[in-house]
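> Structure in structure tokens, see below.
The values are calculated or read from the model by the stated rules, or taken from the named source; none is laboratory data. The shown structure was predicted, so the numbers you read here are calculated from the model rather than taken from an experiment. A quick note on method: Cβ atoms are made from the backbone with ideal geometry, for glycine too, and the neighbour counts reach across all protein chains shown.
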Amino acid sequence: MLARPGTDTERMSRPTSACIDLDALRRNLLRIRELAPRSRVMAVVKADGYGHGLERVAHALEGADAFGVAAISDAERLRAAGIAKRIVLLSGFVEPGDLPLLQRLRLDTVVHHESQLAMLEAASLLPDQGRIQAWLKLNTGMNRLGFPADAAGAAHARLRALPIVGDEICLMTHLARSDEFDSAFTLEQCARFELATAALDGPRSLANSAAVLGWPQTHADWVRPGGALFGLSVVAGRPASEFGLEAVMTLGTRVIAVNSVEPGAAVGYGGGFVADRPMRIAITAIGYGDGYPRLAPSGSPVVVRGVRTRTVGRVSMDLLAIDVTALPEVQVGDRVELWGKQLPVEEVAAAAGTISYELTCGITRRVRFMER
Ligand SMILES: Cc1ncc(COP(=O)(O)O)c(C=O)c1O
């Protein structure tokens, strides 16, 4: 029988899947609570839950105190999925027309710029508005978003004066180098934040994942972990498992062909990999069309039948060749792990010259997501 495009039959014919371990996700949240016992936890689930699937991740993390997203559309999806918890727009709103949406969806917003203050002031002149909880963001050294630290008092007073802004104004900053445990920069940012906010009331929030793990003095009232929840390594050279965190996503596929090649044979587009001896090459159903990084060179790690081996040749859209010369038992149908429980995604990311976050965020729609 011919499979029609988009039918289950067709999807089943491609054995490529991202398995999301929701129990591991829940345990990672508990671990974060252990590490920051006096703080509330804003689970950062932007970019479709770091590529793990926004709704499934939010339901699994219902023990969090709030969710952080970057786009209003993500917040809309969370409300549509029945998530009633606080949701914070981490980059704030961008135009006046966003404000009624924030009110209707009961969203908190980060306020990081003069232009947003002006929009809130203009909206406050209109009748019948609901109130919006504001997170006043200060720039203490990241130099990305945030009011200058010495403008904190004035911005806070202006927010306070607005009927559209909720009573509790949270104070936050973002750390630029919290993943460098031996750098004094985080302490400098903390000191600037403390000085800028000393006279202001409201809960405080500084810590991303790396700060949760390595800088207890930044935990304050709210921590804002993202990567650590998903078991991604957030400190260079130190796997998440070292901090008691587990991988949540396992990207897998199967072997669809096994071929022998003679010495001198080139494998894949461009012929960049040439066999230097008789080799067995397994072809697997994964490629950059699924989100596996095209820049991963020959020699990138991969696991087949639970044994680690290496990729060979260029990654193509649908296929990836792997070296199974030393694994004579490998055959068509065998399971292959590209990253996950047996192979930290950071190792693949390092081979491809990127970070794990980019890889998990980059899984494409043709990959079947499964939960366990
Ligand atoms: C403002 C803010 N807080 C927290 C996070 C979470 O960061 P991480 O994934 O490193 O924990 C992010 C992500 O970039 C962010 O932009």
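Listed here are the residues, each with its yes/no results for (1) under 26 Å from the mean Cα position of the chain (by Cα); (2) hydroxyl-bearing (Ser, Thr, Tyr); (3) at pLDDT 95 or above.
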residue: LEU120; (1), (2), (3): no, no, yes
residue: PRO127; (1), (2), (3): no, no, no
residue: TRP135; (1), (2), (3): yes, no, yes
residue: MET142; (1), (2), (3): yes, no, yes
residue: ALA149; (1), (2), (3): no, no, yes
residue: HIS156; (1), (2), (3): no, no, yes
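> Return the only residue of ALA66, ALA58, ALA47, ALA70 being on the phi > 0 side of the Ramachandran plot, of a type in the set (A, V, I, L, M), under 17 Å from the mean Cα position of the chain (by Cα) and at pLDDT 95 or above.
The unique qualifying residue is ALA47.
> Given the conditions (1) within 16 Å of the ligand (Cβ to nearest atom); (2) within 28 Å of ALA296 (Cα to Cα); (3) assigned to a strand (DSSP E or B), which single one is not true for ALA247?
(3)
> Just checking, how many residues over segment 20-39 are surrounded by 18 or more Cβ atoms within 10 Å (Cβ to Cβ) and outside any helix (DSSP H, G or I)?
Counting residues in segment 20-39 that are surrounded by 18 or more Cβ atoms within 10 Å (Cβ to Cβ) and outside any helix (DSSP H, G or I) gives 4.
> Now a separate question. Condition first: within 30 Å of TRP215 (Cα to Cα) and in contact with a helix residue (DSSP H, G or I) (Cβ under 9 Å, 6 or more places away or on another chain). Can you find one or more residues in segment 248-269 that meet it?
The answer is yes; a qualifying residue exists.
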